[in-house]
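The next block holds one structure in the form of structure tokens; read it before the comments.
The values are calculated or read from the model by the stated rules, or taken from the named source; none is laboratory data. All values reported here derive from a predicted model rather than from experimental measurement. Cβ coordinates were reconstructed from backbone atoms using ideal geometry, including for glycine residues, and neighbour counts include every protein chain displayed. The accessibility values were calculated without ligands, DNA or RNA, using every heavy atom of the protein model including side chains. Shrake-Rupley method; radii C 1.70, N 1.55, O 1.52, S 1.80 Å.
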Amino acid sequence: RTSSFTTATTVNAYPSAAVIESGSLRAGAHSRLAADDDLFYEVNSTNSGTRTASWYGVTTAVPNSLRGLRVTYAGRNSVSCSQTVSVWNWTTGAWVQLDARSVGATEALVDKTVGGTLAAYVSGTAGDGEVRVRVRCTHSSSAFYARADLLRVSYTR
């Protein structure tokens, strides 16, 4: 009698690019997001209205047939601001919030499992695509900067 089963493999992947939605690059490159090592990717907030620093990491070569998806983010900010970590849903065309909290000068770790139809979070419908994870922070009155230390997308195939 033969038994046929597939062993699940978890892969840790890191952004191949970072895209700033609001604010401007202060320092660093997306490659600094590959380790929790106090080497930061930093984004300045906007300077008027509700101050906002918003960017997303693009992780490529993620299979559409994934069986598990987890997002890990570590970062801090120069002032306490309202931070959200979200993942892009390609089916609905909207960001899905994974975590929301106030984050200041002390580094905060976000480690969340993504639920629902996992293939919706990977671009395309077959083969490999990309996963986008956004970090957005807002503060009402003063400019600030966000310091990202680690962004990891772990998927099970």
Quiz item: Any idea how far apart T92 and E107 come out in nm if each label point goes 7 Å out from Cα toward Cβ?
Solution: 3.2
Exercise. Quick one: which residues, 5+ away or cross-chain, put their amide H under 5 Å from the amide H of W90? H built at 1.01 Å from N.
Key: Y121, V122
Practice problem: Could you go through segment 33-41 in sequence order and give the Karplus-derived ³J(HN,Hα) for each residue, using 6.51 cos²θ - 1.76 cosθ + 1.60 with θ = phi - 60°, rounded to whole Hz, and x for Gly and Pro? | Solution: 7, 7, 8, 8, 9, 6, 9, 9, 9
Quiz prompt | Rg/Rh (Cα only; Kirkwood hydrodynamic radius) as it applies to the chain | solution = 1.03
Exercise. Would you mind telling me the share, in percent, of accessible area of segment 1-103 contributed by carbon and sulfur at probe 1.4 angstrom?
Key: 47
Quiz item: How many nm is it between the label spots at A8 and R70, if each spot is 7 Å from the Cα in line with the beta carbon?
Solution: 1.0
Exercise. Would you mind working out the accessible area per residue for the chain, using a 1.4 Å probe, and quoting it in Å²?
Key: 48
Self-check item: chymotrypsin sites (Phe, Trp or Tyr not before Pro) within segment 1-63, DSSP loop, no more than 12 other Cβ atoms inside 10 Å
Solution: F5
Quiz item: At what distance in nm do the modelled label points of T117 and A27 sit from each other, each positioned 7 Å from its Cα along Cα→Cβ?
Solution: 4.4
